[in-house]
Amino acid sequence: GTAYSKVYPYFTGSGIDTTTGYLTNTGTANSGVEVALSANSDGSTPLTLQNASGSQGAGTVALSAGGTGKFTYYAGYIATAIPVVAGTVTATVVYNLNYQ
């Protein structure tokens, strides 16, 4: 088999706003709110999900024999328009793991 040394995720799907890179909200608060994914807990560096594979800021994990890899992401609300309408927030995304 092929020996891979690293892995990185690539987020895809119709739930990504191709302009902002945030996840579109399909909940009842479907006006003025989207969901941003970030690799840090303060949300200061959101992932750019509208970008191509390897350019989303999702990070890379090195692989080693018997080792484990882990990606941690945080989700946060983003106001994209005023007013923000109260209600539920629902978002979906598909992720692929790319091995190199």
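Summary table
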quantity	calculated
Filter result (of a type outside the set (Gly, Ala, Ser), open to solvent by 60 Å² or more (accessible area, probe 1.4 Å) and under 20 Å from Thr19 (Cβ atoms)) within region 37-60	Thr45, Gln50
Members of region 71-93 that are touching a Pro at 6+ places or on another chain (Cβ under 9 Å) and touching a residue at least 60 places away in the same chain (Cβ under 8 Å)	Phe71
Subset of region 24-54 (residues that are at pLDDT below 95 and of a type in the set (A, V, I, L, M))	Ala29, Val33, Ala39
Candidates Thr2, Thr72, Thr26, filtered to the one that is surrounded by fewer than 17 Cβ atoms within 10 Å (Cβ to Cβ), of a type in the set (Val, Ile, Thr) and under 12 Å from the mean Cα position of the chain (by Cα)	Thr72
Enumeration of residues in region 1-23 that are of a type outside the set (Phe, Trp, Tyr), at pLDDT 95 or above and not in a loop (DSSP other than H, G, I, E, B)	Pro9, Thr12, Ile16, Leu23
Breaking point among (1) in a loop (DSSP other than H, G, I, E, B); (2) over 10 Å from the mean Cα position of the chain (by Cα), for Gln50	(2)
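The values are calculated or read from the model by the stated rules, or taken from the named source; none is laboratory data. Everything numeric here is computed off the predicted structure, so don't read it as measured data. Backbone-built Cβ (ideal geometry, glycine too); neighbour counts: all protein chains shown. To get the accessible areas, we keep the full protein, side chains included, count just its heavy atoms, and leave off ligands, DNA and RNA. Shrake-Rupley method; radii C 1.70, N 1.55, O 1.52, S 1.80 Å.
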